[in-house]
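First the structure, in the form of structure tokens, and then the observations on it.
The values are calculated or read from the model by the stated rules, or taken from the named source; none is laboratory data. Just so we're clear, the structure is a prediction, and the values are computed from it rather than from any experiment. Counting neighbours? That spans all protein chains shown, and the Cβs are built from the backbone with ideal geometry, glycine included.
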Amino acid sequence: MQFPFFPVALLLGVALVGGANAGEADVRTIHGWVERIEILPEGISLKAKMDTGATTSSLNALNKERFERDGERWIAFDIIDPEDADNTVRVERPITRHVRIVRHDGEFQRRPVVAIALCIGPHYREEEMSLIDRTQLNYQALVGRNHMNGIILVDSSETFLHRPRCAVDADDAAEPEEHDEPADHDEPDDPGSDSGA
């Protein structure tokens, strides 16, 4: 049986290009399941779990305080200082929305959501992150599909393949640093990291 040439060639072309538009460079990079990321503009560097099963990223947020600024709803929260676990770094962001998470035990949890700019390897992207106490988990940040879509592929057998190196402007890029060692144990499930987030 002979196959028509045009449909087969068209399918092969789409497969080889990966769905990218003609003339566009493929900017996707392969990352490990744990990577170092940087929160911008504060420059806070954290180890993060790269979770393709989570719709929305989440961030460890302690001592949350809601307030109003110029008629908008804001939230201030602390992140454990990655340089000194006894200290915290205060961060403030406007609240974009709230999300209702269905936890593994069937209970609901309401979380504030803010826009956070992350530097992940060479990629800069500002997307939403839900704020939750992650102190019982191995990593302060969980990077979901919203921060990875179209730019990051995850190799589940690797860790720490990239350092944050986003250019602040065209001439100013961060220096790459040597790789960190991964944790010896798996992270417990992140309750509700995917359900409706």
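Answer yes or no: is there a residue in region 12-28 that is surrounded by 20 or more Cβ atoms within 10 Å (Cβ to Cβ) and either modelled with pLDDT under 95 or in a loop (DSSP other than H, G, I, E, B) (or both). Looking through region 12-28, none of the residues is surrounded by 20 or more Cβ atoms within 10 Å (Cβ to Cβ) and either modelled with pLDDT under 95 or in a loop (DSSP other than H, G, I, E, B) (or both).
Are there strands (runs of 3 or more DSSP E) fully within region 118-197 with at least 2 residues that are at pLDDT below 95? List them.
167-169
Only residues that are touching a Phe, Trp or Tyr at 6+ places or on another chain (Cβ under 7 Å) and closer than 21 Å to residue 66 by Cβ: list them for region 123-156, please.
131
Apart from one condition, residue 110 fits all of (1) in contact with a His (Cβ under 9 Å, 6 or more places away or on another chain); (2) farther than 18 Å from residue 45 by Cα; (3) in contact (Cβ under 8 Å) with a residue 24 or more places away in the chain; the exception is (3). I'd like the full set of residues that are more than 19 Å from residue 35 (Cα to Cα), surrounded by fewer than 20 Cβ atoms within 10 Å (Cβ to Cβ) and aliphatic (A, V, I, L, M), limited to region 109-138. If the condition is that a residue be more than 19 Å from residue 35 (Cα to Cα), surrounded by fewer than 20 Cβ atoms within 10 Å (Cβ to Cβ) and aliphatic (A, V, I, L, M), then 115 is the only one that fits.
If you go through region 70-86 and keep only what is in contact with a strand residue (DSSP E or B) (Cβ under 8 Å, 6 or more places away or on another chain) and either free of Cβ contacts under 8 Å to residues at least 24 places away in the same chain or not in a strand (DSSP E or B) (or both), you end up with 72, 73, 74, 76, 78, 81, 82.
In this structure, does residue 155 turn out to be within 17 Å of the chain's Cα centre (by Cα), surrounded by fewer than 19 Cβ atoms within 10 Å (Cβ to Cβ) and in contact (Cβ under 8 Å) with a residue 24 or more places away in the chain? So residue 155 fits the description; yes.
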